[in-house]
Amino acid sequence: MKLASLKAERDGHLVVVSTDLGRMARAGHIAPNLQAALDDWENAAPALQALADQLNAGEIEGEAFDEGACAAPLPRAYQWADGSAYVNHVELVRKARGAEMPESFWTDPLMYQGGSDAFLGPRDDIPMADEAWGIDFEGEIAVITGDVPMGASPEAAAAGIRLLMLVNDVSLRNLIPAELGKGFGFFQSKPSSAFSPVCVTPDELGDAWRDGKLHLPLLSTLNGALFGKPDAGVDMTFDFPTLVAHAAKTRPLGAGAIVGSGTVSNKLDGGPGKPVADGGVGYSCIAEIRMIEKIENGEMATPFMKFGDTIRIEMTDAAGQSIFGAIEQTVVRYEPEA
């Protein structure tokens with residue numbers, strides 16, 4: 001089934017969305033919001049599935065579904081832990097800032113704890129005070145979990161995965177080196193992330209969801225031009241059960257915890273990928289193409305995002321049907337409230 005949160009109050013109003021994203025049915029009689037549904041998943045999930053079945057079968061008319069009316073599926077969450085499962089991406093962005101990559105990164109996942117109190121909706125602008133911060137998008141996949149006990153094995157963690165969605169993990173590249181140089185992790189360089197209009201249960205993905213990975217291309221379009229289409233199931237060093245188990249190693253995860261994959265990134269013949277225009281699958285962030293440019297030409301040419309730039313992130317099934325709806329955001333100058 002597919003679920004979304006209409007913008008309303010702090011936590012949104014829960015709706016069930018048809019498979020083709022054309023219709024929706026309000027689900028407030030089952031749970032007022034997605035967090036409440038996750039807290040009572042054993043009872044809520046069957047009732048939501050029954051409503052989804054009725055909607056998809058045409059037994060209830062529902063209402064037209066508007067992706068622009070959506071908040072993030074979880075407008076705020078108790079936990080947002082973003083991994084970096086595509087080690088090719090880690091290697092490239094570290095090279096871009098002159099940092100070597102330890103061998104342990106291939107065996108021990110990277111993960112940071114992001115701010116989860118103010119997520120952006122899928123069509124919300126990206127407000128930034130300064131273009132000089134190096135504004136970048138990052139196309140990712142994320143899972144939402146149920147309760148996962150501390151010390152859970154990857155197998156147990158897999159059983160705790162409830163939903164999947166897309167992410168734009170906005171990064172401020174020019175703030176990252178100095179912040180990480182303090183030895184205390186990301187904070188200002190990782191502003192509010194945005195999520196797809198819809199989140200889906202794993203069974204909705206069919207054969208594309210296997211081995212704890214989502215095997216479909218992630219499409220990133222920057223200012224109307226296809227920027228990247230890497231396959232999320234390729235070159236993913238750590239699968240989602242491994243990432244969730246890593247997050248739960250020393251503490252439990254509560255229902256509604258979000259765990260991200262990190263930027264989706266593919267290699268090409270064992271080396272860095274190529275832009276779409278050159279026959280490659282491109283990239284899910286600007287930092288990667290800048291690093292390729294530096295390797296090949298000695299200098300970075302592609303600029304980071306400017307005010308007015310628009311990024312669209314989406315994933316389609318084999319028939320070309322959008323699965324999660326689209327994240328589509330424009331960078332705007334932040335104007336503080338008077």
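The values are calculated or read from the model by the stated rules, or taken from the named source; none is laboratory data. All values reported here derive from a predicted model rather than from experimental measurement. Glycine gets a Cβ as well: all are built from the backbone with ideal geometry, and neighbour counts include every protein chain shown. Just so you know, the surface numbers come from the protein's heavy atoms only, side chains and all, with ligands and any DNA or RNA stripped out. Shrake-Rupley method; radii C 1.70, N 1.55, O 1.52, S 1.80 Å.
Tell me which lysines have Cα within less than 19 Å of Lys2's Cα, excluding those fewer than 8 residues away on the same chain?
Lys213
Would you calculate, for the chain, the mean residue ellipticity at 222 nm contributed by helices, counting each DSSP H stretch of 4 or more residues as -39,500 (n - 2.57) and dividing by all residues, to the nearest 500? Walk me through the numbers on the way to the answer.
Values: 7 runs with 65 residues, N = 338.
Result for the chain: -5500 deg cm²/dmol, rounded to the nearest 500.
Rounded to two decimals, what is Rg over Rh for the stretch 76-176 when you use alpha-carbon atoms and the Kirkwood radius?
Working: Rg = 15.7 Å, Rh = 15.9 Å.
Rounded to two decimals, Rg/Rh equals 0.99.
Based on the Kirkwood radius over alpha-carbon pairs, what is the Stokes-Einstein translational diffusion coefficient of the stretch 287-333 at 10 °C with 1.306 mPa s viscosity, in µm²/s?
On the way: Rh = 13.1 Å.
The calculation lands on 121 µm²/s.
Viscosity 0.890 mPa s, temperature 25 °C: give me the Stokes-Einstein translational D for the stretch 195-337 in µm²/s, with Rh taken as the Kirkwood radius over C-alpha pairs. Display every interim value, and only then the final one.
Numbers: Rh = 17.1 Å.
D = 144 µm²/s.
Mind computing the radius of gyration and Dmax over the alpha-carbon atoms of the stretch 222-278? Å is fine for both.
My reading of the Cα-based Rg and Dmax gives 15.5, 45 Å.
Hey, how many Å between the Cα centroid of the stretch 11-60 and the Cα centroid of the stretch 164-238?
Here the two parts' Cα centres lie 25 Å apart.
Peptides 148-161, 55-68: what's the order by average Cβ count within 10 Å, highest mean first? Mind showing how you got there, number by number?
Details: 148-161: 16.9, 55-68: 14.6.
Going from most to least packed, we get 148-161, 55-68.
Grab the beta carbon distance between Trp106 and Ala301, set R0 = 22 Å, and tell me the FRET efficiency rounded to 0.05. Intermediate values should be presented prior to the final figure.
Values: r = 30 Å, r/R0 = 1.35.
Once the sixth-power term is evaluated, E becomes 0.15.
How would Asp108, Asp235, Asp269 rank on accessible area, largest to smallest, probe 1.4 Å? Please report the intermediate quantities before stating the final value.
Values: Asp108 85, Asp235 60, Asp269 155 Å².
Output order, biggest surface exposure first: Asp269, Asp108, Asp235.
Pairs of Cα atoms under 8 Å, at least six residues apart: use those to get the relative contact order of the chain, whole percent. Spell out each step's value before the answer.
Details: 829 pairs, mean separation 75.6, N = 338.
So the answer I get is 22 percent.
Towards the positive end of the charge dipole of the chain, with charges on Cβ (+1 Lys, Arg; -1 Asp, Glu), say which of Ala318, Pro149, Leu14 has the farthest Cα.
Positive-end residue among those listed: Pro149.
Restricting attention to the stretch 225-303, which GluC sites (Glu not before Pro) occupy a DSSP loop and are surrounded by at most 14 other Cβ atoms within 10 Å?
Those that pass, being in a loop and sparsely packed, are Glu299.
Starting from the Cα gyration tensor of the stretch 257-338, multiply each eigenvalue by 5, take the square root, and state the resulting semi-axes largest first in whole Å. The partial results should precede the final answer.
Details: eigenvalues 130, 96, 33 Å².
So the equivalent ellipsoid measures 25, 22, 13 Å along its semi-axes.
Dipole magnitude of the stretch 253-302 about its Cα centre, charges +1 at Lys/Arg Cβ and -1 at Asp/Glu Cβ only, in debye to the nearest 20? Intermediate results must be reported in sequence, preceding the final value.
Details: 4 positive and 6 negative charges, 34 e Å.
Here the stretch 253-302 has a charge dipole of around 160 debye.
What FRET efficiency would be calculated for the residue pair Thr310, Ala47, taking the C-beta separation as r and a Förster radius of 41 Å, to the nearest 0.05? Could you put the intermediate results ahead of the total?
Values: r = 38 Å, r/R0 = 0.92.
The computed FRET efficiency comes out at 0.60.
On average over all directions, what projected area in square nanometres does the stretch 18-153 have, based on the convex hull of its Cα atoms? Walk me through the numbers on the way to the answer.
On the way: hull surface 47.1 nm².
Across all orientations, the stretch 18-153 yields a mean hull projection of 11.8 nm².
Once Rh is set to the Kirkwood radius over Cα pairs, what Stokes-Einstein translational diffusion coefficient, in µm²/s, holds for the chain at a temperature of 4 °C and a viscosity of 1.567 mPa s? Intermediate results must be reported in sequence, preceding the final value.
Values: Rh = 20.1 Å.
Diffusion coefficient, whole number: 64 µm²/s.
Charges at C-beta only: +1 for Lys and Arg, -1 for Asp and Glu. How large is the resulting dipole of the stretch 182-338 about its Cα centre, in Debye rounded to 20? Display every interim value, and only then the final one.
Details: 14 positive and 19 negative charges, 119 e Å.
Result for the stretch 182-338 is approximately 580 debye, rounded to the nearest 20.
Scan the chain and hand back the longest stretch that contains none of the trypsin sites (Lys or Arg not before Pro) lying in DSSP loops with at most 11 other Cβ atoms within 10 Å. Walk me through the intermediate numbers first.
Values: sites that count: Arg10, Lys182, Lys249, Lys306.
Maximal segment without exposed cleavage sites: 11-181.
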